[in-house]
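All of the numbers you see were taken from the coordinates with simple rules; none came from a lab. Quick caveat, the model's predicted, so the values are computed rather than measured. Reconstructed Cβ throughout: ideal geometry from the backbone, glycine too, with neighbour counts over all protein chains shown.
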Amino acid sequence: KQRQAWIAATAMYLRAIKSLGPKANSTPALIPNYHEALYKASISPDLPSYLPFDELGRVEQPIALVAQARYLYYNGPKDQAHQILNQVKVLRPHMAEASLLEAEMDAAEGKTLDAKQILNILFGDLDAPDWVREMAQALSNKIP
């Protein structure tokens, strides 16, 4: 994580989560760190070669779907990315990572008002992971 080697970091967190099983939730930083690493790794065209999305989905489906949607948005058909993101919003309606991706996609597609609105909600969400709020702030700063 410190070296921003996101695929490797994702693999390490994934291994830790699998080995801990249900106890993984009792390790406070593990799940948010896994989510951050996977989210940031998901733009890499190499991700599915190392960590297939179906394997990731067996560990935690919503974040795996967010990662798959982000991967497709940057490396595949954007319409499929939107479809998968919509699935996540049904599965877990207020998932911060899904909202961040939605804002990222909106900003890239010129829907700056929609993106800003989502980002403002994320800023105020004290339950959102710190890394999500930091990325939301950085994205907001880039939007004119």
Local net charge near LYS116, Cβ-Cβ under 13 Å (Lys/Arg +1, Asp/Glu -1) = -2
How are the C-alpha pair distances of the chain spread across 10 Å bins, as whole percents from the shortest bin up?
-> 12, 43, 37, 8, 0
Bins of 10 Å from zero: percent of alpha-carbon pairs in the range 21-97 = 19, 53, 25, 3
Can you check how the C-alpha radius of gyration of the range 74-138 compares to 2.2 N^0.38 Å, as a plain ratio?
-> 1.08
